[in-house]
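Worksheet: one structure, shown below.
The values are calculated or read from the model by the stated rules, or taken from the named source; none is laboratory data. Values in this document were obtained by computation on a predicted structure and should not be read as measured data. When we count neighbours, we look across all protein chains shown, and the Cβ atoms used for this are built from the backbone with ideal geometry, even at glycine. Surface areas here come from the heavy atoms of the whole protein model, side chains and all, with no ligands, DNA or RNA. Shrake-Rupley method; radii C 1.70, N 1.55, O 1.52, S 1.80 Å.
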Amino acid sequence: MSAAKNINITLKIWRQKNAKAKGQIETYKLDNVSTASSFLEMLDQLNEQLINSKKEPVAFDHDCREGICGMCSLYINGRAHGPDTGTTTCQLHMRKFNDGDTIYIEPWRSKAFPVVKDLVVDRSAFDRIQQAGGFVSVNTSGRTIDANATPVPKHDADRAFEAAACIGCGACVATCKNGSAMLFVGAKVSQYALLPQGKVEATQRVLNMVRQMDEEGFGNCTNTGACEVECPKGISLENIARMNREYLKASII
Amino acid sequence: MALTGLFLCLFLAGHLAGNLQLIFSDASAFNKYALFMTSNPAVKLLSYLTYISILFHAVDGFLLTYQNVKARPIGYAKNNPSKNSSFSSRNMAVLGTLILVFIVTHMVNFWAVMHFDEKMPLQTISVNQMGAKIDYYITTDTGKFFPTDSLQLNQMGIEIRNRTEFYNKEANVIMGEGYKDLHKITVAFFKDAKTGLIATIAYVLAMFVLAFHLLHGFQSAFQSLGLNNPKYTPAIKGFGKAFAIIVPLLFAAIPVYIHFFLK
Amino acid sequence: MKLDSKIPEGSISEKWTNHKNHLKLVAPNNRPKIDVIVVGTGLAGASAAASLGEMGYNVKAFCFQDSPRRAHSIAAQGGINAAKNYQNDGDSTYRLFYDTIKGGDYRAREANVHRLAEVSANIIDQCVAQGVPFARDYGGMLDNRSFGGTQVQRTFYAAGQTGQQLLLGAYSALSRQIGVGNVEMFNRHEMLDLVKVDGKARGIIARNLVTGELERHSAHAVIIASGGYGNVYFLSTNAMGSNVTAGWKVHKRGALFANPCFVQIHPTCIPVHGVNQSKLTLMSESLRNSGRIWVPKKKEDAEAIRAGKLKPTQLKEEDRDYFLERRYPAFGNLVPRDVASRAAKERCDEGHGIEANDTNEGVYLDFSTEIQTKGRQAAYSQGNHNPSAEEVTKLGKKWLEEKYGNLFAMYEKITDENPYETPMKIYPAVHYTMGGVWVDYNLQSTIPGCFVAGEANFSDHGANRLGASALMQGLADGYFVLPYTVSNYLADEIRTGKISTDSPEFAEAENSVKEAIDKFLSNNGTKSVDHFHKRLGLIMWNKVGMARNEKGLKEAIEEIAALKEEFYKDVYVPGSSDELNPELEKALRVADFIDLGQLMAMDALQRKESCGGHFREEYQDSEGETLRDDENFAFVGAWEYMGYDISKEVLNKEELKYEFIKIAARNYK
């Protein structure tokens, strides 16, 4: 580990009592933050400080803290999941910041992701998109064909896995200037489109998922590519193209 | 959006090829081309397709932008988008609107004049006759000329109707058709002592805007149509970049050439 | 209490089939009249909810996260075991059964484990059919790797994100059922009590974490699949929200809690960096396929490394102690987790630790040998029979990146060190809890109608779980066991009708939850919840951790009891009850952790033997290996709640009978 040191920082954090309340940015000073700490550990430290002075701590979503559950969010200094690429906020470390820095922390901003409190937003729109078609309609009997009965070319399996690596954090929506969810939906559509098991329902799936996506109030994709850059799992824009292809195919045929 | 966009790219290429005759060809060829473009039924069909495309592209663009703005009712206090996307990709709507303004201006300047202006001049040719320079109208019938001198024309019993048609007044028969002199209008527009320089600069700036719009738009159209493939996408992107730079550059070269270099 | 494990008669390989054939069924037309609650949406919960929804029951599923897809199963990295024998290396249902019993140090129930091994193959078929993108070879067939405690390759994987892919598979099945209305999903809801009516589980009290509202939900059966309790140690590889509350409330309502002292300490985690650390990060066990674990032979070298004067790469081969290969030549770096963890602790206790933190606890996981081996192989396969050293290194690193790229990247993010160039630093950390709510063969607790699945129950892993078996158990319970056994129970409920939530039992349960919440909010103490949680964690890690002894355990029991008093007196919980209040959520969870911590120490104290993850310093052989006492301790220790004072809990024993496996010393040498 490179030698950890302590830094002092100023935080500008969005505070909002609940979904209906009006929010505003508030300023906090935080001293002696170890650069070996993760960003969320820094927020823990802030909250400990707030609690000790009988103030209300900042609410933020987090759970696994190892970059896989997709629960953490935060728009840090104008970027989803902060300045580091390929990283969720929980794996962003304070060594990426300097002594004396001012750090802005805001919630994901999207009509489809309303703020619940402070930095916590409601991402259940993603669940509803998944419920509209993000599955293979196979019963859970275990009485399917043998797993090796249908060979899947390694290339396809690998692409499907890369698409399936999406953690559903919503950084794509947050960072997209249009608040579009195409990378998320594209990844899910792609995973199934690439596997023989998913092909049977491909047409219905893409139509249903896209319909639900539009109903949720996400914006449209204008191919700025920001989502791909900020995606902590490096989900490729190819997945959006694949979804477009699937959608066109499904609409025409 | 993508389909109309790509169609408009094709249109740009065709339009450019025609316009480049302003540099590389003479007035008569250019005016011939102009006439062809306004009279050929196939071209007519294409031009209507172009108008529809432009309209659709613009309206769709406005609708998309409206929806996209609505998708984020509260913006970020601090945003740093330059880290993850290009300037053009984020400003397509603004660039597009500027281009629309340009298109309207451009059409008022040339298209409308060509189509509706009563005073639209016809192309003439100067012939040296016994030391005196006499101007004649050229017609689409090779070898048929009509004098520009209205007295002379009247004496011949010829009258110009419908702006371009030479009629035999008595017989009420078309004797020939003249060429609208778009070349002259264009040259005059950019060479105008008062406004020529401004017009030239404005046109060049508009082409800058177009370049940025195309820089994102061209490859974006392929992505929207689902044509993204690790093998071919780099080539598409490369071609798109080249297209976005070369086409507006050549367009811009025309007014610059006319204003500064054409004698 | 007499514990009836309800193990079916017959030969081990026929028990489950026979049992299934005789379980009662509920006809399709009756299923929509029956409500089932599922708490937790990890592999076990999501698969159970999806399966029961698919059958036509009215399912209500609950999770505290903002989406069912976030349950902590998602973080499992390495893989899932299944006795498919695709690699043709001698695997079979029996082998998987045997390895799991042996790996669990002969403290698991034979019949349960055999059933697990039987259905393991179906899990893979099912997941592939659902579109789970497992890793494949160039022939398009599924790939396998090896895990600790086995000598076959039976682990299926999806890079280092197998848990994620399996959970998303189960989540997709669940989503399908939510979409058609068979399952109603309650995100951001936490179960805070079980409601019993006439002795049967009849519903739960759940708190809507956004509005703070307490909700009554009734059902004909309640399934608890809320995961493990590793967070009792504060620092663990569990998610921040992982908690024991659902399981503990069930325990308080009468379900026995079994083998709480069986905790798995995972050998390969990133060492602690400082006081503000909130959690520990696991580096998948699969890395032990390629990495070699070592510490410096000489203490001076270890000191020099800690002081930053010496780099590990500078240490000569003969100055390194590959202690696992030295002590366990047959299994080498792939010994089971408990064995590997203890060996690392032993070296660090002896002063050979290499991490420059407060405790100097850390050992190396080195990939340089593998880089050379795989690099040479890759060069050969490219037709280059005379590769230069650089070529070999380059190809070797490429091979590593393909196999473990995401783990290496994660390591670098956290530590700022490049593991391709310098060995990883690792140290054991709390990872999984084998103990849990006691259940019979049908996964039913001692409360009728209350079923417990996945890590939340105690049933399949004995005193130590083998790698890649947790995912297997979660899905086996949810997809292939509960749908049968819960239906069997519900067959007697078809005449019950809708259960009212207006009964005094529901009112009583809701009031008790309300009182607990009000007490915290009006306590006005001086210290944060985390303050107490961290103190609890320290006691647990130091005295109920990797090595335990009578003195320490007795101290721990006292200290935790005292901590509990202080917690209730001095904890400060800000905010109110009618809003999103993460501090309140934590307080309610930590209250249960404190109780459980004390019980774990009591359980560890009564188990006067060493087995699996439970290592009592008094019971070891001359070489420091565990000394099991099959004569006196071949039982499941199931504790019965007796009220506020945890020390009053009563121990019940379920004797473990080994009819099909000869019980023997666990030897990995």
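Some observations on this one:
- Highlighted here are the strands (runs of 3 or more DSSP E) found entirely within segment C:164-217 that include at least 2 residues which are more than 9 Å from chain A (Cβ to nearest Cβ) and surrounded by 24 or more Cβ atoms within 10 Å (Cβ to Cβ): C:189-197, C:200-208.
- Filtered residues of segment B:224-254 (kept if in contact (Cβ under 8 Å) with a residue 40 or more places away in the chain and open to solvent by less than 80 Å² (accessible area, probe 1.4 Å)): B:S224, B:L225, B:F243, B:V247, B:P248, B:L250, B:F251, B:A252, B:A253, B:I254
- Screening the candidates C:A587, C:A562 for the property of being in a helix (DSSP H, G or I) and in contact with a helix residue (DSSP H, G or I) (Cβ under 7 Å, 6 or more places away or on another chain) yields one hit, C:A587.
- Residues (open to solvent by less than 10 Å² (accessible area, probe 1.4 Å) and at the interface with chain A (Cβ under 10 Å from one of its Cβ atoms)) located in segment C:148-159: C:F156, C:A158
- For segment C:110-128, filtered to residues that are surrounded by fewer than 24 Cβ atoms within 10 Å (Cβ to Cβ) and within 14 Å of chain A (Cβ to nearest Cβ), the residue that is farthest from C:D477 (Cα to Cα) is C:D125.
- Taking the criterion of being among the hydrophobic types (A, V, I, L, M, F, W, C) and closer than 11 Å to C:I594 by Cα, the residues of segment C:535-555 that qualify are C:L536, C:I539, C:M540.
- Qualifying residues in segment C:559-585 (those that are more than 10 Å from chain A (Cβ to nearest Cβ), without any contact (Cβ under 8 Å) to a residue 24 or more places away in the chain and over 27 Å from the mean Cα position of the chain (by Cα)) - the one most open to solvent (accessible area, probe 1.4 Å): C:E565
- Count of residues meeting criterion [in contact with a Lys or Arg (Cβ under 9 Å, 6 or more places away or on another chain) and surrounded by fewer than 18 Cβ atoms within 10 Å (Cβ to Cβ)] in segment B:178-215: 0
- For segment A:68-94, the set of residues classified as within 7 Å of another protein chain (Cβ to nearest Cβ) and closer than 17 Å to A:D118 by Cβ consists of A:M71, A:Y75, listed by residue number.
- Residues in segment A:134-158 that are of a type outside the set (A, V, I, L, M), under 19 Å from C:Q130 (Cβ atoms) and more than 7 Å from chain C (Cβ to nearest Cβ): A:S141, A:R143, A:T150, A:D156, A:D158.
- When each of B:L98, B:L122, B:L63 is tested for being open to solvent by 60 Å² or more (accessible area, probe 1.4 Å), more than 14 Å from chain A (Cβ to nearest Cβ) and either of a type outside the set (S, T, N, Q) or under 22 Å from the mean Cα position of the chain (by Cα) (or both), the lone residue that passes is B:L98.
- Tally of residues being closer than 22 Å to A:G225 by Cα and assigned to a loop (DSSP other than H, G, I, E, B) across segment A:129-178: 9
- The numbered conditions (1) within 14 Å of chain B (Cβ to nearest Cβ); (2) at positive phi; (3) open to solvent by 10 Å² or more (accessible area, probe 1.4 Å) are all true for A:R65 except (1).
Residue by residue, here is whether (1) on the phi > 0 side of the Ramachandran plot; (2) assigned by TED's automatic domain parsing to the domain that holds B:S89; (3) over 15 Å from the mean Cα position of the chain (by Cα); (4) part of a loop (DSSP other than H, G, I, E, B) holds:
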position	(1), (2), (3), (4)
B:V204	no, yes, no, no
B:V209	no, yes, yes, no
B:L227	no, yes, yes, yes
B:I254	no, yes, no, no
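- Single match in A:F184, A:F126, A:F161, A:F97 (criterion: under 13 Å from the mean Cα position of the chain (by Cα) and either facing chain C (nearest Cβ under 8 Å) or surrounded by fewer than 24 Cβ atoms within 10 Å (Cβ to Cβ) (or both)): A:F126
- Complete set of residues in segment C:416-458 that are open to solvent by 10 Å² or more (accessible area, probe 1.4 Å), more than 14 Å from chain A (Cβ to nearest Cβ) and of a type in the set (D, E): C:E455
- Segment A:219-236: number of residues that are in a loop (DSSP other than H, G, I, E, B), open to solvent by 30 Å² or more (accessible area, probe 1.4 Å) and at the interface with chain B (Cβ under 8 Å from one of its Cβ atoms): 3
- Meets criteria (within 26 Å of the chain's Cα centre (by Cα) and either farther than 26 Å from C:G247 by Cα or surrounded by fewer than 20 Cβ atoms within 10 Å (Cβ to Cβ) (or both)) for C:I7: yes
- Top-ranked residue in segment B:66-86 [being open to solvent by less than 40 Å² (accessible area, probe 1.4 Å) and among the small types (G, A, S); ranked as nearest to B:I99 (Cα to Cα)]: B:S85
- Pairs, first surrounded by fewer than 17 Cβ atoms within 10 Å (Cβ to Cβ) in segment C:293-304, second assigned to a helix (DSSP H, G or I), C-beta under 7 Å, six or more apart: C:K298/C:D319
- Whichever residue in segment A:12-32 is under 26 Å from the mean Cα position of the chain (by Cα) and either of a type in the set (D, E) or surrounded by 20 or more Cβ atoms within 10 Å (Cβ to Cβ) (or both) and, among such residues, is nearest to the other protein chains (Cβ to nearest Cβ): A:W14
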